[in-house]
Each structure stands twice: as structure tokens, then as C-alpha cells.
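One structure below.
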Amino acid sequence: MPLLTVTNLRHNYGDETILDGVSLSIEAGERVGIVGRNGAGKSTLLRCVTGEIRHDSGTIALQRGCRAGYLQQDPRLDPDETLRESAEGAFKQLHDVHKELDKVYEAMGTAEGAALEKLMKKQVALEQQMESLGGYSIGHRIDATLHGLGFTDDQFPVKVRGLSGGQKGRLALARLLLEGPDVLLLDEPTNHLDIDGRMWLEGFLRDEYRGAVLMISHDRYLLDAVVHRIVEVEDGRLIEYPGNYAAFREIRAQRRLTQLRAYEKQQDRFRKEEEYIRRFKAGQRARQAKGRESRLDREKEQRTLDRPMEMDSFRLSLPKAERTGEVVLSGRGLKKAYTNPDGQTRVLFDGLDISVSRGERWAIIGPNGAGKTTLVRCLLGEIPIDAGTTRVGTNVKPGYYRQTQEHMDLDQPVWRFLQNSILKETQGKPWSEQQARDLAGAFLFSGRDQEKELRVLSGGERSRAALAALLASAKNVLVLDEPTNHLDIPAAERLEEALASPEEDGDEVGFDGTLILISHDRALIDATCDHLLIFDGNGRSEVFVGTFTEWHERKVERDRAVAKEAQERERHREEQDRKKRENERKEAERRAEKTAARVPASGVPASGTGAQRQGAPAATGGGGARSGSPRAKSKFSWMSLQQIEEKMGELQSRIDDLDMQLADPSVWTDVARSTALNDERATARTELEGLEEEWLRKS
């Protein structure tokens, strides 16, 4: 039975139909990706499912007893909580169970008979409920999730009101993942994540989360790694494709090619009919021609096929820029630091050397706030460097796409903005209106959209217009800072085609200049760049010649080797500890044997006072309990044999689970996580040994 079912859902904004009787179902454990153009209705679908907006007709059903969790693009958080307190709020139900269990323990101290038996049953039920909600390990889960999404321990005490918009978005995602609902509804979960955060989220959704996922995303690598099915929103309909995003692209291309052939075949037939009608409308066959004209008009009205979208590949011929010198941008011994609000100095980079040659394509990657944009602005001379030297090559004409587009005149229609931008940049022969419209069409602005003023466009549409103007402005060095942040997947793929070098494209079109790209979009980086500058967020950096995938594969191998070495060291340490404990045990046994040899069968030492020899009780050394004295109770004394055995089974299962996690090499690359797992294993082992001793005593 599906966890979530949507049937004949319809929603309109005024006279515009956004969702036209769509249906969708999601099974347990299924991962579904939603794709489509900006404004197609993807977020509207999720908001209807969550009840944020009321749909006009149709039904939405969630399986009884299931919970759905929704990641909003504008999360609601308590501004007075710290970051960690807010994340811990995901476990409110678990905290309530903890409090109830504490009350039970307190009552058990004085209860007897039937009342005690009743409390013990309640305790077992509460412990089982607590285990299902995360048990005592939530602290490690909270820390691991926050670290995975890019937060540091220093940020844990920061109040929510002091977080940036991006940090609040990541915190909302952390809370939702920690809550662990049966169905996750995610609307652009990677919007504020760097590359490491995106890769962590991929691993979590693919390997750890057991529920169903319905996700809107423009991150093609995330869709490839996680989802089992793609749902495309187009013209108010939902079109389903099996497989991940790569499979979707292939199947959709075949489907649209078939649609294009059917469309062209129908258009050819229409043209032949129109030609027949024109030829014989006034002749002997006028009556027949008139009848065919009526049938043609009726068919055009009722059965005309639409031309499939996005069938034209990008083949816009852009103006060629002047040739630069061999070295375009360079820096030697670069250093840049700034002072935090708390007075501490943070170094972004120090002793950095970089040289960008003509025609090279560089990607600058790293965590948010690592200094990527700062470095580019230093190289371009926009802000001063603290130490080192920078140089801009000869005849360099850079075009800089910034994350914000504050320079745009919002009163212009799209085609006029492109025409004026190119005239301003090239200072040469102006583009005609038709050339400007061709450029707008190449960047997915339809004829009607080209007439819209910039102020009424979405953020993604403005970004597309700015990129189109920049690419057509004959710049020989393009610096793009997060160009796909507001772009949907078709626009991002169109940008990749525009940035393709002529050598790769096999044609004269494309961009033959130098590219510097700051991005977290791994698909864009892989498609356009063959040099990487990687920041680690702690002031260090490395240069890699190759694609992102090649660098990541090498990094995984390096991390695996480091983890294996750390695991071997840990095994060696454990073996040494085991040998030490074994030697101590043997030494204790030898001492016990020597002591036993000196004590007669009566239990009285061979030497001593007369009273002792006559059978008076003798005190044991070290203040130990005398023979025959009541046995000291352990903290498990109150438990029955059955409870002890059940608890021992639970602990052994948890230890086995921890051993499996510790066997994963990737765990040892995260010092905090590996330490936490080892500590938890040691605690569980100690508790198990105590239970085993109590079981032996009671047996």
C-alpha cells in the first residue's frame, strides 16, 4: 500500500492552470525526484501535499500512522535557541519519554509487590519506546548531522537569530533529518550546501535514511545518486520516468524525438491539405476543397500536436573576443585574513600561488566562507591583498558574474536589456532586435517571455538574462560566481553548452576564452573545468589538474588509506590492551593461588594468634567483606533473570552494530565520529559485563 497518494489534483493561480488533474503515489522506501522548469508547479505540488496551500480539487492521502516532514524554503525557528538546542528540538518526544522513565525509576525505589511489578512492566515499555526513538545516542546523531551539513563545534552555542539565511536553511534540514519522518518532502535541500554537505546528504539519503523521499532538486549528481524514479512537471501534467536523472535524460530525449517526428509529420500533412485547398478552392473541386478545409480547421482546433520543448540544441554563434597574453591572472605568496566579531583572526589563505594561462578552465571549490570569492576579487584588483603580489595579463577583458544582480535596469524588457548590455560592453556595431531575441531564445526565453520587464521575472530568469548578456559581450575571461544558484536544470545544461570550448564541441561555436568558475554544482564543474583550486576552509589549499570526478576519486582513495592506517593503529592498540589485561588476569590468578596455598581448609591462616587458630573470624585484607557477610548489591540487582537476558541481548546487538560501523573505512576519516562510536562501544561493553556478573550470581 502506498505511503502517500495524490489523485486528480488540480490547482489554479487565477486563470492560469498550474496542476491539471495530476496523480502520484509513493511506496515505502522509494526515492522520487521532481524536475521541471522554474514556475512549472514543482513547489506548488509539495505545498498542496503538506496542506500549506489548498488545492482546487482532487484528494491527498497519507497512510494511517505515517508522518510526513517538509523542508520549507523559509524555515520557522525559535530565534532565542542556540543552534544545537534547535537541532535537539527534533527529539522532543524522546525527551518526554526520558522524563517519564526517570519518574518510574524514582517510584521503584519505594514500591513493593504488585506495584513494583507494574512499574517494572512500564519501565520495559518505556525503554523499548526510547530505543525506537533513538535511545541514548542522540547526542552523537545530532553532532554527526550538524557536522555533515557544514556546522562546526564553535557554532553550536550561537543563537538562531545570529545565523545567516543559508545557515538557518541548513539547520532546518538538520532538524528534519533528525526527526526521521516516514516521508521526507524536500524542496531544494542543497540550496545552501557546499560540495561536502551535498555529498554527505547524498550518503545519508541513500544509505542511512529508511523512509520514502519526494524531492525537488536542481542538483543532477544528487538525483543520480539517490532517486529511483523521476517525475517531470510540464504544462500542468506529471510525466514519470523510471531510474535516476541520467536514465531520465536518455528516455526523455527518445520520447521527445518521437514527439517531434509526430509533430513534423502532422505539420507536413497540414501543409499539403492547405496547398490542395488553395489550388482547388475556386475550381471544379471547390465543394470538395471546402469540405476538406472544414475538416482541417476542426482537426487543428482539437488534435494539433504541440512542438516538444527543448529539442533545439544550443548553437548560438557568440562574438569572438580578442586574444589575451599567455598568462591571464597570477598571484604569488598571497595572503588574506580578517578579524571575526569576537576579535580572533581568521586566515582565508596564506602563501597561495596560482597562475591561470590563456584558455584554461579553473574551478575554485571549498566550504562556504573559505575565501573563494575573496580570492577572485583580489586577483581582479577589486580588494587589496594582505601579502604577496598579483598580476593581470595583457589585453585581459574580464566579465564578472556576481551572485547578486544589482546593476540591472529592471524597467527594460528582456530583449532590450540584452541589446543594450551588448552595445555597452562591445562599443561596436549594435545588435539588431532579432539578434537580441535569438540570444534570449537560446537561453530559454519564449517569445512572450522576451517582452516581460526584468522586474517581474523570477530570480532564476534574471540570472539567465544576466548570463546571456555576459556570454555575448565578447569577454575573453569569464569569472562566474555561483551561476547556477537560481537556474533550473534545463537552464544549467544550456549554460554548460554555451561554455563548452570549440575543441570539445567540434564546431566554431562555444566559448574559447579563459574560465574561472566558483560553484558547488559538481555537474557544471565536471562539464566545463579541467583545473581545480580546492580550499579546505582552514587556510590551506591545493591545486589539481583534472576534473572534479578525478580529484574526488583520488581523494576517496587517499581517505581510505588514511582510515585503514588509523584502523590498523586502533587494532594494534586494542591488541596491546588485550594482552595487558590478560597478563594482569594471569598475575592475579597466580597471587590468588599463592594466597590459597597459605590458607588451611578451615579458612584460618596457618600462622596467627591463638584465638584465630581456635576458629575466631579473621578480617580480610584491604577492608573486603568477611566470609558469610551479605553480598553487596549491584545496580542490576532489582532486575529479574528474564529482564537481564533481554537487556544483554539488546546490548550485544548494539555492540555488533557498532562493530559494523567501525569496520567502515569512511568512519575513521571523521575523528569525532570514530571517537564517539568507540566511546559508546566501551560503555556498552562495560554495562554488558556488569549484567553478565549479575546473571551469574542469580543463576
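Can you give the Kirkwood hydrodynamic radius of the stretch 101-227 from its Cα pairs, in Å with one decimal?
For the stretch 101-227, inverting the mean 1/r across all distinct Cα pairs yields 17.2 Å.
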First measure r as the distance between the Cβ atoms of Y276 and K320, then evaluate 1/(1 + (r/R0)^6) with R0 = 45 Å and state the FRET efficiency to the nearest 0.05. 0.40
Specify whether the C-alpha gyration tensor of the stretch 359-496 places it in the rounded, prolate or oblate class, a ≥ b ≥ c being the square roots of the eigenvalues: rounded for a/c under 1.5, otherwise prolate if a/b is larger than b/c and oblate if not. prolate
Roughly how many whole Å is it from the C-alpha centroid of the stretch 509-533 to that of the stretch 193-207? 22 Å
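Counting pairs of alpha carbon atoms under 8 Å apart in space and at least six apart in sequence, what relative contact order in percent does the chain give? Mind dumping the intermediate values first?
Numbers: 1000 pairs, mean separation 78.3, N = 699.
With pairs under 8 Å counted, the relative contact order is 11 percent.
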How big is the antiparallel share of DSSP beta bridges in the chain, given as a percent to the nearest 5? 55 percent
So which of K372/K397; K99/K159; K99/K122; K635/K698; K424/K475; K122/K635 end up more than 23 Å apart by C-alpha? K99/K159
Radius of gyration and maximum dimension Dmax of the stretch 440-547, Cα, Å: 15.2, 49
Specify the angular offset, from 0 to 90 degrees and rounded to the nearest 10, of the alpha carbon long axis of helix 286-303 from the longest principal axis of the alpha carbons in the chain. 20 degrees
Going highest first, how would you order 368-378, 298-308 by mean Cβ packing within 10 Å? 368-378, 298-308
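Roughly what percent of Cα-Cα pairs across the chain reach past 47 Å? List each step's numbers first, then the result.
Values: 91655 of 243951 pairs.
Here the long-distance tail beyond 47 Å is 38 percent of all Cα pairs in the chain.
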Probe of 1.4 angstrom, ligands and nucleic acids ignored: what's the accessible area per residue over the stretch 355-461, in square angstrom? 51 Å²
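Between A663 and E52, what's the calculated FRET efficiency when r is the beta-carbon distance and R0 is 60 Å? Round to 0.05.
Numbers: r = 43 Å, r/R0 = 0.72.
E(calc), rounded to 0.05, equals 0.90.
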Reachable lysines from K92, criterion Cα separation under 18 angstrom, eight or more residues apart if same chain: K103
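What is the dipole size for the chain, taken about its Cα centre, with +1 at each Lys and Arg Cβ and -1 at each Asp and Glu Cβ, in debye to the nearest 20? Kindly include the intermediate steps, with their values, before the conclusion.
On the way: 106 positive and 117 negative charges, 153 e Å.
I would put it at about 740 debye.
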Reachable aspartates and glutamates, given that their alpha-carbon falls under 20 Å from the alpha-carbon of K265 and they are not under 8 places away in the same chain: E273, E274, E275, E293, D297, E299, E301, D306, E310, D312
Can you tell me the order of 642-653, 196-207, 516-527, 553-564 when each peptide is scored by its average per-residue count of other Cβ atoms within 10 angstrom, highest first? 516-527, 196-207, 642-653, 553-564
Keeping the other protein chains in place, figure out the carbon and sulfur percent of the accessible area of the stretch 337-412, with a 1.4 Å probe. 46 percent
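Using helices alone, what [θ] at 222 nm do you get for the chain, with -39,500 (n - 2.57) per DSSP H run of 4 or more residues, divided over all residues and rounded to the nearest 500?
-15000 deg cm²/dmol
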Using Cα positions and a limit of under 14 Å, work out the aspartates and glutamates in reach of K452, with same-chain residues fewer than 8 apart set aside. D409, D411, E461
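What per residue convex hull volume, in Å³, do the alpha-carbon atoms of the stretch 6-54 yield? Kindly include the intermediate steps, with their values, before the conclusion.
Working: hull volume 4.0 nm³, N = 49.
It is 82 Å³ per residue.
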Considering the zone a paramagnetic label at S458 would reach in this model (a point 7 Å from Cα along the Cα-to-Cβ line), which residues of the stretch 20-41 have amide N under 11 Å from it? 36-41
Could you give the length gained by full extension between T304 and Q652, i.e. 0.36 nm per residue of separation minus their alpha carbon distance, to one decimal place? 118.5 nm
Identify, among S640, S463, P308, the residue whose Cα sits farthest towards the positive end of the charge dipole of the chain, taking +1 on the Cβ of Lys and Arg and -1 on the Cβ of Asp and Glu, with the dipole about the Cα centre. P308
Report the normalised scattering of the stretch 187-301 as log10 I(q)/I(0) at q = 0.10, 0.17, 0.23 Å⁻¹, calculated by the Debye formula with identical scatterers on the alpha carbons. -0.54, -0.89, -1.23
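The values are calculated or read from the model by the stated rules, or taken from the named source; none is laboratory data. Note that the structure is a prediction, hence the values are computed from the model and not measured. Cβ sites come from the backbone with ideal geometry, for glycine too, and all protein chains shown count toward neighbours. What goes into the accessible areas is simple: the full protein's heavy atoms, side chains included, and nothing from ligands, DNA or RNA. Shrake-Rupley method; radii C 1.70, N 1.55, O 1.52, S 1.80 Å.
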